[in-house]
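Notes to accompany the following structure.
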Amino acid sequence: MNARYDQGFHWIGNRWVPGAGEHTLPMIDPSDGQPFAAIARGDARDVDAAVAAAREAFEGEWGRASALERGRVLMRVAASIQEHADELAAIESRDCGKPLGQARSDALACARYFEFYGGLADKVGGYTIPFQAGYTVFAEREPHGVTGHIVPWNYPMQIFGRTVAAALAAGNACVVKPGEDACLSLLRVAELAAGCGLPAGALNLVTGLGSEAGSALTAHPGIDHYSFTGSPETGTRVAQAAAERHVPVTLELGGKSPQIVFADADLDAALPSLVNAIVQNAGQTCSAGSRLLVERSIYEPLLARLGKAFDAVRVGPGAANLACGPLIRRSQLERVARFVEMAESDGLRVVGRGSIAPDAPAGGFYLAPVLFADVPADHPIAQQEIFGPVLAAMSFDGEDEAVRLANATRYGLVAGVWTRDGARQMRMARRLRAGQVFINNYGAAGGVELPFGGVKSSGHGREKGIEGLLSFTTIKTVAVRHG
Ligand code: NDP
């Protein structure tokens, strides 16, 4: 079959497979609102086929491969993704609307995850335990088996890379359900992986709707571990379904992350990062810096500078590679626009607003980034994950108030602190309820090596870094009595 990733097929057992229901879904280009490709609309039968293929691989060639062999395959996948970075970036940019440069960075990050976990595959072992005389006891790490991956549409290649490469490195076989709005790059990566010697069934992708293919995957008795990235509401449903079968779940559920700027900060260094943390990917980033907390003595001067920086942001099609692209779909545009309208009708002060490029196609899902000032801490734009380029600023007096405001949402994913005071840096890092704290930077350029995940409604479990691989293993204790 001379099929392709954009023609409506699942990827199962290293082959393009038509959906059992034979239905497809159009893929819409967020930059112009027009359909440009199709994906298969998967259902429970397709998930069954994918899980069966994964189980066969886990019990067969992939499950028997040594850690060294697994690592080498993943390193070849990394090299192949890198070689195809321009092609993958073009696919992802069209699929998600993200600026081409960002899409290319995402392709390279995906490659880096395969490189990192490929290198790690044969370096994570178990340990022996001093026990009673006459025993030798050891704890071995082993894969869960068949892992289910629910990947959203905002960073398909990055989130796929960080969960799938880690799971494969640990020896699991994977079934992936990508977001229905953006999955073409992942289908292409899967095809590339097969070309690098990843055995049939080790990696399978079933496309379709979350409510159909996604819920069939979360209900499937053949899955031994789930990783989910998305909203707290859907995460709860996934965790409940998994709990019915007592299957472990890693949940990454987004955030309402604060950037905290003290009066002694290097503002020239902070300013571009404060803008980028909310404008990048049109604010559709789980770790977006969507709240800005500024010490009162520098509040107005900093906002004046930031307002100008927001005014300068241009929004346009992914291919134009401007600072900000469109939102993923019409309903997301409407959702974000409702937050902006609410803030405006509540009289919140607009300090800066970007603009949509005059030549941006009329049907695209564009929203100009906006900076609101004096936002009450309990206002919806200071509490809810908007997932759009909307920054809510407020002032504070002293460390205690900064900590109280920073921790006063349901989320706890990431926090940024800008100050030159070393002791304060340490105190703030300790007191902030977040999975990652960045001092005088935000995001550490993606940090594939850095454990990532949340507390509170931002989820639990860790991805990225060595912790990310450990999440895809379980410990088996072996006690040998030899006298
Ligand atoms: P969802 O949480 O509904 O979607 C996330 C992922 O879950 C997608 O792959 C989706 O597939 C899948 N999914 C949806 N329903 C089910 C289900 N019943 N069973 C299994 N999987 C399912 O987020 P939305 O796309 O609806 O976006 C809404 C909001 O969620 C955003 O505005 C944002 O606040 C938050 N979000 C956070 C993300 C993060 O990175 N933390 C990522 C995405 C969203 P499909 O896309 O096919 O429906």
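The values are calculated or read from the model by the stated rules, or taken from the named source; none is laboratory data. Being a predicted model, the structure only gives us computed values, none of them experimental. Every residue, glycine among them, receives a Cβ derived from its backbone with ideal geometry; neighbour counts consider all protein chains shown. Just so you know, the surface numbers come from the protein's heavy atoms only, side chains and all, with ligands and any DNA or RNA stripped out. Shrake-Rupley method; radii C 1.70, N 1.55, O 1.52, S 1.80 Å.
When the stretch 211-238 is examined, which residues are found to be among the acidic types (Asp, Glu) and near the ligand (Cβ under 7 Å from one of its atoms)? Listed by number, the list holds a single entry, 233.
With respect to residue 425, is the statement that it is open to solvent by 60 Å² or more (accessible area, probe 1.4 Å) and either modelled with pLDDT of 95 or more or not assigned by TED's automatic domain parsing to the domain that holds residue 235 (or both) true? Considered against the rule, which asks whether it is open to solvent by 60 Å² or more (accessible area, probe 1.4 Å) and either modelled with pLDDT of 95 or more or not assigned by TED's automatic domain parsing to the domain that holds residue 235 (or both), residue 425 comes out as no. Scanning the stretch 451-483 for residues that are among the basic types (Lys, Arg), in contact with a strand residue (DSSP E or B) (Cβ under 6 Å, 6 or more places away or on another chain) and either over 20 Å from residue 286 (Cα atoms) or surrounded by fewer than 19 Cβ atoms within 10 Å (Cβ to Cβ) (or both) yields a count of 2.
Looking only at the stretch 78-89, residues that are within 20 Å of the chain's Cα centre (by Cα) and either open to solvent by 70 Å² or more (accessible area, probe 1.4 Å) or among the β-branched types (Val, Ile, Thr) (or both) come to 2 in all.
When 93, 105 are checked against the criterion of being farther than 24 Å from residue 232 by Cα, open to solvent by 50 Å² or more (accessible area, probe 1.4 Å) and at pLDDT 95 or above, a single residue qualifies: 105. Among residues of the stretch 329-357 that are farther than 25 Å from residue 29 by Cα, those with a beta-carbon under 7 Å from a residue that is within 16 Å of the ligand (Cβ to nearest atom) and in a helix (DSSP H, G or I) at least six positions away or on a different chain give the pairs 342/380; 343/381. Within the stretch 284-309, the set of residues being away from the ligand (no atom under 16 Å from the Cβ) and under 30 Å from residue 453 (Cβ atoms) comprises 292, 293, 294, 295, 306. Residue 437 meets all of the listed conditions (1) in contact with a Leu (Cβ under 7 Å, 6 or more places away or on another chain); (2) over 26 Å from residue 327 (Cα atoms); (3) of a type in the set (A, V, I, L, M); (4) in a strand (DSSP E or B) but one, namely (1). Within the option set 283, 289, being at positive phi, among the small types (Gly, Ala, Ser) and either open to solvent by less than 10 Å² (accessible area, probe 1.4 Å) or at pLDDT below 95 (or both) holds for one residue only, 283. Among the residues making up the stretch 108-154, those that are in a helix (DSSP H, G or I) and either out of contact with any helix residue (DSSP H, G or I) (no Cβ under 7 Å at 6 or more places or on another chain) or open to solvent by 40 Å² or more (accessible area, probe 1.4 Å) (or both) are 108, 112, 115, 116.
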